[in-house]
1. Give the residue that is nearest to V96 (Cα to Cα), with candidates limited to residues of the stretch 11-41 that are free of Cβ contacts under 8 Å to residues at least 60 places away in the same chain and among the charged types (D, E, K, R).
2. Determine, yes or no, whether K111 is at pLDDT 95 or above, within 26 Å of A152 (Cα to Cα) and either charged (D, E, K, R) or touching a Pro at 6+ places or on another chain (Cβ under 6 Å) (or both).
3. Report yes if A68 is touching a residue at least 24 places away in the same chain (Cβ under 8 Å), over 18 Å from F22 (Cα atoms) and surrounded by fewer than 16 Cβ atoms within 10 Å (Cβ to Cβ), otherwise no.
4. Collect the residues in the stretch 126-162 that are assigned to a helix (DSSP H, G or I), modelled with pLDDT under 95 and in contact with an Asp or Glu (Cβ under 9 Å, 6 or more places away or on another chain), keeping them in residue-number order.
5. Residue by residue through the stretch 228-267, note down the ones that are over 15 Å from the mean Cα position of the chain (by Cα), in a loop (DSSP other than H, G, I, E, B) and either modelled with pLDDT of 95 or more or surrounded by 18 or more Cβ atoms within 10 Å (Cβ to Cβ) (or both).
6. Quick check on this structure: which one of A63, A99 is within 21 Å of K146 (Cβ to Cβ) and out of contact with any helix residue (DSSP H, G or I) (no Cβ under 7 Å at 6 or more places or on another chain)?
7. Could you tell me which of the residues L80, L44, L8 is in contact with a strand residue (DSSP E or B) (Cβ under 8 Å, 6 or more places away or on another chain), crowded, with 16+ Cβ neighbours inside 10 Å, touching a residue at least 12 places away in the same chain (Cβ under 8 Å) and outside any helix (DSSP H, G or I)?
8. Pairs needed: first member in the stretch 241-262, touching a residue at least 60 places away in the same chain (Cβ under 8 Å); second member anywhere, surrounded by fewer than 18 Cβ atoms within 10 Å (Cβ to Cβ) and among the hydroxyl-bearing types (S, T, Y); C-beta distance under 6 Å; at least 6 residues apart or different chains.
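The values are calculated or read from the model by the stated rules, or taken from the named source; none is laboratory data. Remember, predicted model here, so these are calculated numbers, not experimental data. Here the Cβ positions follow ideal geometry from the backbone for every residue, glycine too, while neighbour counts run over all protein chains shown.
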Amino acid sequence: MLSADFSLEVTRPNASEITALFDVLPSGTSVYFSAVPTLTARELVAGAALLRKGGLEPVVHIAARRIAAAADLQDLLTRLHAEADVRRLLVIGGDVDTAGAFPDALAVIQKGQLRAAGIEEIGIAGYPEGHARIAADRMEAALDQKIASARAAGLRVHIVSQFSFSPEAVVAWLKRLRACGIALPVKVGLAGPTSLTALMRYAKRCGVNASLRGLTSGAGSGLIGNVGPDDILAALDANPGIGEASPHYFSFGGVLQTARYAREAAAGRLAADRASA
């Protein structure tokens, strides 16, 4: 089952939430820390260290355009490796208008000395519904450049997609990747269960307007309570031609609620519930 190997994305989890995850998530589950400006380096390192201590795999977001100086990146990577044995990053551009030492994710991959800092693998971003600031042809070229540069630096690579509410858009995007010869593992971004109002807010903020329209059109047909990514999980399971792919849950409805949902989906209990409904 595709949903059995999943990862979780969190934003500013506190120590009690991280500790509670130890009883919910399987050992070795990848937990991604979002690159939010309000998260200090000290908090990031402490959170990653606590995850590692509990047997989970910390994966830290690095937002290129928010790094003021190259030395700041090296200091952070040194601390992450020394205190939390961080070996994996998600390298993104960061949607801000001004840049410091690195103008984009590619520059971090090429010049950030990641391998020397103990990093073994990086994730790079993918966008099933496109990106408001990046033309489609430029996005494809950038993806190829990042993959080539990471491999040249001795790094393993996977793709982490922006979340979507459209099964059709996600499956079509995965098939386009494979048709272009990109066989990398893909972590498919999914919004964990939360209210329709919250999902609409995050969708507008993150630029997934196409599938937002599909989501809101369902509101008039009885879409109430918490909304989860069941339809997308079912579509991924039904399309074996999409290659190596696994769910990547954004915890908009809360860290623990999302983790519990992911665990149930991985165990096949949600699929069983759908079949018996």
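1. Across the stretch 11-41, the extreme among qualifying residues is R12.
2. Spelling it out, K111 is indeed at pLDDT 95 or above, within 26 Å of A152 (Cα to Cα) and either charged (D, E, K, R) or touching a Pro at 6+ places or on another chain (Cβ under 6 Å) (or both).
3. Yes, satisfied.
4. If the condition is that a residue be assigned to a helix (DSSP H, G or I), modelled with pLDDT under 95 and in contact with an Asp or Glu (Cβ under 9 Å, 6 or more places away or on another chain), then A142 is the only one that fits.
5. Answer for the stretch 228-267, where residues must be over 15 Å from the mean Cα position of the chain (by Cα), in a loop (DSSP other than H, G, I, E, B) and either modelled with pLDDT of 95 or more or surrounded by 18 or more Cβ atoms within 10 Å (Cβ to Cβ) (or both): G228, G253.
6. Details: A99 fails: out of contact with any helix residue (DSSP H, G or I) (no Cβ under 7 Å at 6 or more places or on another chain).
On inspection, the qualifying residue turns out to be A63.
7. Going through L80, L44, L8 in turn, the sole match is L8.
8. F252/Y202
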